[in-house]
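Structure first, then comments.
The values are calculated or read from the model by the stated rules, or taken from the named source; none is laboratory data. Quick caveat: nothing in here was measured; it's all calculated off a predicted structure. Here the Cβ positions follow ideal geometry from the backbone for every residue, glycine too, while neighbour counts run over all protein chains shown. Calculation scope for accessible area: heavy atoms of the full protein, side chains included, ligands and nucleic acids excluded. Shrake-Rupley method; radii C 1.70, N 1.55, O 1.52, S 1.80 Å.
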Amino acid sequence: MVQQLNSKSVLPDTSVYLYQGPELVQALQERGVTRTDELFQVQRLDDRFSLSYVRMPKLVADSCLRESTLREKDLRTILNLQKVKTSQLDSLQKEKEISSESMQAALHFQTDSAGNALTPVYEWNSDNPDEAEQLRRESFLNQLIGGLSKWTPLYMMFLLPLFAWLLQGLFRKSRYPYMWHFVHAIHLNTVFLILLPIPLIPLLTEKNFLDAFRGDMPLYTLAVFLIGMFIYTYISLHTVYHHGWVRTFFKTVGLLSLFTFLSLVIAGILLIVLLSSLSEEI
């Protein structure tokens, strides 16, 4: 089949609605198909996990696809897109609420008067299930990393007022305004970000960074980072709030322990929400 697809006689003469459309194209590229740009046109309905309208050679459709069931989420997306009036389309596309790719993918789908799906949908029936599952896992991981990169800055910004609130609670007798504690929290967060690369130094100095990154993080660099951050926080709290060294030590331990616990709880909740939203899309 790879030889036939690389020949000039095969054309993209069939259009189907397909799940894992980008993954199928990627798999064929890895098998040696050099004409994927000519032979495949993929229009995604929504995200990577949703349905795609794919134009492809009939050879691939007959040998690599099997009929599947349309997911309720994708049917709702199709019906909503088909309800958009032509007069509204240009403004929605300019505002990037609807992409032209999504609209084109939805317009070809046929439904009855009750909104039930009429057009058949397919999924990839790979002759190597392990390869198909690996590509699905990689797609899920890419989507997860994308979600984390989107929400991590907002999460870090939320932690600043939380840390300032904990400072105000532990040192309430100092009677400093909240914004004083907030400025101190920004200062400590800046130091944290400056020291953060320390655990990565052994990895960054490796010749092959990717191979080194797959290994375990050296414990001694992590210990240096944690001890250094604790010492700096301890000295900073003593300098700003003018409490005794012993009293400041216990407050530093309590502050960092409570803050770490709350941060992990909030991060766990956000991760569960993100995973649940991705599982609904898959």
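List of remarks:
- Positive minus negative residues near LYS251 (Lys, Arg vs Asp, Glu; Cβ under 13 Å): +3
- The relative contact order of region 15-59, computed from alpha carbon pairs under 8 Å that lie at least 6 residues apart in sequence, is 51 percent.
- Checking the cross-link pairs LYS173/LYS251; LYS8/LYS58; LYS73/LYS150 against a 25 Å limit on the alpha carbon distance flags no pair as lying beyond it.
- Ranking by accessible area, most exposed first, for PHE249, PHE225 with a 1.4 Å probe: PHE249, PHE225
- Point-to-point label distance, LYS173-ARG66, nm (Cα→Cβ direction, 7 Å offset): 7.2 nm
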